[in-house]
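To start, the structure under review is shown below, and the notes come after it.
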Amino acid sequence: MIFFKRTEGKGGFMTDEKELTQIERELVLQYLRDDNVPLTITLEEKPDQTEADVTDNRMDSIDYEKRVPASAVFPVAIKSRQIEVLNQGIILLKNAGRLVQPFIGKSVRVQFYFNHVGLYFISTVKEYSMGFAVVIPPSIKRVKDSFKTNDFEVSAVLSFDSVNHVCRPLYGFNLFSQPKWSEIEIEKQHHAKFLLEKFITQGKQSAVILGNGLHLISIVRYLTRTSVPENESVEGLVKPLDIIYIDDKRFVCAAENQDELEVNQHYTLELSFVLASGGPVKRSVRVNSIVEGVFADEDNGLRKCWSCRYENIQNEDVRFLYERISGKKFAG
């Protein structure tokens with residue numbers, strides 16, 4: 001059964017009406033009641049909830065010191081067996097107290113799939129006599145299509161023969177500033193240091209050119225980061241590779257549960273940069289590249305990073321990449 005109004009979007013993707021109609025909402029509610037589905041709960045960007053919010057939600061006042069900052073609360077996945085949807089449009093979260101404790105009294109985004117289409121609504125996690133729950137509001141929306149590369153300041157395509165690998169920036173990794181060790185989660189820094197030292201040793205033994213090694217900070221940060229469950233606009237699509245580092249010498253992409261690139265393989269790399277915020281003007285750099293290294297953590301073999309070194313890059317492209325990424329004048 002198809003009930004979403006579909007329109008052709010940019011880049012060949014199908015984009016749907018943003019908010020469900022009343023009839024569509026009722027169909028989704030019936031689906032949730034009949035078949036409990038897994039949910040992902042994410043804290044909205046609202047770390048300091050006001051007293052008015054607490055009052056409106058009829059909750060007890062929360063001491064400021066006990067409030068959890070948004071940056072310290074990671075999304076959680078709630079299994080279908082931990083969910084019960086009542087006829088009143090309330091989702092009970094059964095045996096999930098430890099998972100949802102940091103979200104109590106806070107505005108959250110609840111995401112799920114309906115017929116492989118990603119949907120979400122904004123609500124508040126509350127504690128009732130029957131346990132923790134969220135109320136399904138009148139507004140249910142479709143998850144934004146994050147595959148579209150035109151929404152980013154930079155995007156890339158790696159090509160080999162007729163195979164194209166689309167790449168997009170990974171949220172939280174600032175590609176236009178030098179990676180900092182402090183960006184690695186504190187509790188992960190010890191293991192990140194172990195990986196960094198291992199990769200440096202391996203690089204020396206294999207004669208891989210590591211340069212200033214800044215890209216290794218982004219690599220160990222990615223490999224040790226806390227897993228963040230996320231819902232895409234359509235379930236089951238192959239995700240683009242994540243861009244985690246760029247400079248005027250190399251490009252680093254990463255993925256989880258995907259084994260995409262081969263070491264020592266040559267790829268054509270096309271980088272596209274938006275030159276003005278929100279504007280249509282772009283500057284592209286097309287260059288041959290070679291995968292100089294594949295980086296992984298033996299403790300989490302699902303994640304991999306690929307470092308691609310540029311070959312035969314034009315001087316004007318080196319200048320552009322240096323100035324665009326670093327924000328400094330190229331001394332050349």
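Screening the candidates Gly105, Gly131 for the property of being out of contact with any helix residue (DSSP H, G or I) (no Cβ under 6 Å at 6 or more places or on another chain), assigned by TED's automatic domain parsing to the domain that holds Leu43 and surrounded by fewer than 16 Cβ atoms within 10 Å (Cβ to Cβ) yields one hit, Gly131.
Taking segment 123-142 as the range and being under 17 Å from Glu24 (Cβ atoms) and not in a loop (DSSP other than H, G, I, E, B) as the test, the residues that pass are Lys141, Arg142. Here Ser162 meets each of (1) in contact (Cβ under 8 Å) with a residue 60 or more places away in the chain; (2) at negative phi with one exception, condition (1). Take segment 292-316 and flag every residue that is crowded, with 18+ Cβ neighbours inside 10 Å and not in a strand (DSSP E or B). Of everything in segment 292-316, just one residue is crowded, with 18+ Cβ neighbours inside 10 Å and not in a strand (DSSP E or B), namely Ile313. Among the residues of segment 183-201, write down those that are surrounded by fewer than 18 Cβ atoms within 10 Å (Cβ to Cβ) and touching a residue at least 60 places away in the same chain (Cβ under 8 Å). Answer for segment 183-201, where residues must be surrounded by fewer than 18 Cβ atoms within 10 Å (Cβ to Cβ) and touching a residue at least 60 places away in the same chain (Cβ under 8 Å): just His191.
Among the residues of segment 178-203, those identified as within 21 Å of the chain's Cα centre (by Cα) and under 16 Å from Thr226 (Cα atoms) are Trp181, Ser182, Glu183, Ile184, Glu185, Ile186, Glu187, Lys188, Gln189, Ala192.
Restricted to segment 158-177, and to residues that are under 18 Å from the mean Cα position of the chain (by Cα) and outside any loop (DSSP other than H, G, I, E, B), which residue is surrounded by the most Cβ atoms within 10 Å (Cβ to Cβ)? Step by step, filter segment 158-177, then rank; the result is Cys167. In the set Ile184, Ile122, only one residue is modelled with pLDDT of 90 or more, aliphatic (A, V, I, L, M) and under 29 Å from Lys18 (Cβ atoms); that residue is Ile122.
Please go through segment 103-114 and pick out each residue that is touching a Phe, Trp or Tyr at 6+ places or on another chain (Cβ under 8 Å) and under 16 Å from Leu32 (Cα atoms). Of everything in segment 103-114, those that are touching a Phe, Trp or Tyr at 6+ places or on another chain (Cβ under 8 Å) and under 16 Å from Leu32 (Cα atoms) turn out to be Val110, Gln111, Phe112, Phe114.
The values are calculated or read from the model by the stated rules, or taken from the named source; none is laboratory data. If you're wondering where the values come from, they're calculated on a predicted model, not measured in any experiment. Cβ coordinates were reconstructed from backbone atoms using ideal geometry, including for glycine residues, and neighbour counts include every protein chain displayed.
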